[in-house]
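I have placed the structure first, in the form of structure tokens, so that the comments after it can refer back to it.
The values are calculated or read from the model by the stated rules, or taken from the named source; none is laboratory data. Note that the structure is a prediction, hence the values are computed from the model and not measured. Reconstructed Cβ throughout: ideal geometry from the backbone, glycine too, with neighbour counts over all protein chains shown.
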Amino acid sequence: MRIVLSATLIAATVMFAAGSQAATTAPGAPYPRVAAGDCGALAAKLGSSKVWRTWFSGAQRDLFDQWTDYSAAPCFATLASCTAWLYWAQTDWPDNKNVVHCRRGI
């Protein structure tokens, strides 16, 4: 009886952990969430002609119908990282968007 109870507890813990991880990684999302890079540091490391850059501004409404604005001009080492970040920026800040798509060089 104790072995069955322990196995059930372990299985429930594993299922809960898997469910929690799936919720944070957005199953079915086309891109992973990536962190934006520092343009100066990437340019020093890769050379300014090999750095990918985008610019984004957007907004969202909160529960009290107040607007929150967001803007950023991050840099990335790869086009894939730049595209993934831009996807999530547009998803998280869906209103009043202004986007400059990923371009190489700074």
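Quick notes on this one:
- Single residue of segment 37-61 satisfying the filter (touching a helix residue (DSSP H, G or I) at 6+ places or on another chain (Cβ under 6 Å) and among the aromatic types (Phe, Trp, Tyr)) that is surrounded by the fewest Cβ atoms within 10 Å (Cβ to Cβ): 56
- Inter-residue pairs, beta-carbon under 6 Å, first surrounded by 12 or more Cβ atoms within 10 Å (Cβ to Cβ) and in segment 62-83, second part of a loop (DSSP other than H, G, I, E, B), 6+ apart: 70/93; 74/36; 75/51; 81/34
- Qualifying positions in segment 40-54 - over 12 Å from residue 76 (Cβ atoms) and either modelled with pLDDT under 95 or of a type in the set (A, V, I, L, M, F, W, C) (or both): 44
- When the residues of segment 87-106 are filtered to those that are charged (D, E, K, R) and in a strand (DSSP E or B), the one that is farthest from residue 67 (Cα to Cα) is 104.
- Which numbered condition residue 69 misses (of (1) out of contact with any strand residue (DSSP E or B) (no Cβ under 7 Å at 6 or more places or on another chain); (2) in a strand (DSSP E or B)): (1)
- Inspection of segment 14-25 finds a residue satisfying the criterion of being modelled with pLDDT of 50 or more and not charged (D, E, K, R).
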